[in-house]
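My questions all concern the structure below.
The values are calculated or read from the model by the stated rules, or taken from the named source; none is laboratory data. Keep in mind the model is a prediction, meaning the values are calculated, not measured. Backbone-built Cβ (ideal geometry, glycine too); neighbour counts: all protein chains shown.
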Amino acid sequence: MITSRKSINKKLVPLVISFIFGFRMLGLFMIIPVLALQDDIYSNFNPFSLGIALGAYGFTQGILQIPFGIMSDKFGRKRLIYLGLVLFTIGSIVAATAVSMEQLILGRAIQGSGAISGTLLALLADTTGERNRSSAMALVGMFIGVAFLLGMTLGPLITEFYGMKRIFELTASLGIISILLVGAVIDEPKSITKNLELDIELTSIKSLVFDTKLSHLYLSIFMLHLSLMSFFLILPVMLTEDLEHSQQMLPIIYLLLLGGGFLFMLPAMIFYEKRSMQRPLFLASTFSFAAIMFLIPYLSSYSLIITAIFIYFSVFNLLEALLPSLASKLSPAGKRGSVLSIFSTSQFLGTFCGGLFGGYFLQNFGTEMLMSILGCLGLLWFLFSLRFQNIDSFVTVVLDVRSKKNKDLLKIISKKDGIEDILFTNNNAIAYVKFSRSKLDKKIFDDLTYLGDFDG
């Protein structure tokens, strides 16, 4: 009976982790489209304090992401997940009771201090096999995507009928539900899986930060979230005042813009990925981003403004899906965990900087100047992206080279075209072999995939 319960729990772990990701993201995304309209309920409300309130979560998430991952290795995944969810819940309660912007900023910062994204993914690695990990990761990604879409539509809806503070109360409730789910379903792993494709290696952080190919992706995700947070300082006001939509209409507008942008993005992503044409897709996206930022303040036609916003969300959805995929593909063998930690930190710091600097420029120089600065940054981003090249489809396989058969195979393939990188661990007993699907000889490809375990 106990064995049966453990077996059921293990199968539920990916779903529970996905729910926790989704609950946390839902609570955070619901605030983004409505906070700019709450100038009547908080003292000391101004564009700068608004920007800090939106970005505070990203600041604490960014600086604590890697420390939480390291502490979870030492003190256990479950304890750190509990700690992160408790902090998230406390922060939500502080924000729900806030009457000033200073209190709201404090609540948002405490929310972000529960930086358990990396720890949750590490737990996923501990509890899923190599061959099931990709589908488990895809499930997490799906829940985050759904949370973004729901958050952007539910936020205005809840605010309209119950007030914005109810969002923080709902977020605190979701935090408590997450804590209960962890207690009911998740068991502390007996041993922590040492998986270099998901773990953080401090010794490799510096070289990976300054890697020429990867640094471009860190900059891109930073810019993408900087623009999103800055844009949402003005978008709710633009929709309600400039375009004269009532707040009751905002959920429908966001649903149409975001949902339509997602449907537009999906075929483009599939088309270009299948043909390994990431470069034209990436350049078109960054150029569109820059052009939209420059043009929006000067568009007078309702249809043109809505079209520009629709294109922006399409580009955002596309890059939000494309960039993590590229970061994973470009990661050296056995370094994916470290690369994705740096990538996530860049994303959260982009959120913080977007709120901070966006709020500053909006308060001191106005909407047109803020959009022009975002356009200039977008243009620099586009020019920097010109060096970006198409990326082949890579696979990483974990090979136990203690057996003679595997050791002989490794000797044969080490000098073959298509082998991108080989990393040895565990006193040279385990090899992480990264190779190109298209360039590697079919027989060797079949041998590798048969003898090794797919990683990530």
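I'd like to check something: does region 153-169 contain any residue that is of a type outside the set (Val, Ile, Thr), assigned by TED's automatic domain parsing to the domain that holds Phe19, on the phi > 0 side of the Ramachandran plot and not in a helix (DSSP H, G or I)?
Yes: region 153-169 contains one or more residues that are of a type outside the set (Val, Ile, Thr), assigned by TED's automatic domain parsing to the domain that holds Phe19, on the phi > 0 side of the Ramachandran plot and not in a helix (DSSP H, G or I).
Is it the case that Ser113 is surrounded by fewer than 19 Cβ atoms within 10 Å (Cβ to Cβ), under 21 Å from the mean Cα position of the chain (by Cα) and outside the structural domain of Phe352 (by TED's automatic domain parsing)? Lay out the reasoning, then the answer.
Details: surrounded by fewer than 19 Cβ atoms within 10 Å (Cβ to Cβ): no; under 21 Å from the mean Cα position of the chain (by Cα): yes; outside the structural domain of Phe352 (by TED's automatic domain parsing): yes.
Here the answer is no, as Ser113 does not meet what is asked.
Residue-wise test of (1) at pLDDT 90 or above; (2) closer than 27 Å to Leu64 by Cβ; (3) acidic (Asp, Glu); (4) surrounded by 21 or more Cβ atoms within 10 Å (Cβ to Cβ).
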| position | (1), (2), (3), (4) |
| --- | --- |
| Ala291 | yes, no, no, no |
| Ile296 | yes, no, no, yes |
| Ala308 | yes, no, no, no |
| Ala321 | no, yes, no, no |
| Ser331 | no, yes, no, yes |
| Phe343 | no, yes, no, yes |
| Met369 | yes, no, no, no |
| Asn390 | no, no, no, no |
| Val395 | no, no, no, no |
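Hey, another quick one. Could you list all residues from region 63-78 that are in contact (Cβ under 8 Å) with a residue 60 or more places away in the chain and of a type in the set (D, E, K, R)?
Once the filter is applied, which keeps residues that are in contact (Cβ under 8 Å) with a residue 60 or more places away in the chain and of a type in the set (D, E, K, R), region 63-78 yields Asp73, Arg77, Lys78.
Checking Leu120 against (1) at pLDDT 80 or above; (2) surrounded by fewer than 20 Cβ atoms within 10 Å (Cβ to Cβ); (3) under 20 Å from Ile81 (Cβ atoms), which test does it fail?
(2)
Residue under question is Pro67, and the condition is that it be within 23 Å of the chain's Cα centre (by Cα) and more than 18 Å from Ser173 (Cα to Cα); does it hold?
Here the answer is yes, as Pro67 does meet what is asked.
Still on this structure, please answer the following. Could you grab me the full set of residues in region 243-258 that are more than 10 Å from Thr153 (Cα to Cα) and touching a residue at least 40 places away in the same chain (Cβ under 8 Å)?
Leu243, Gln247, Gln248, Leu257
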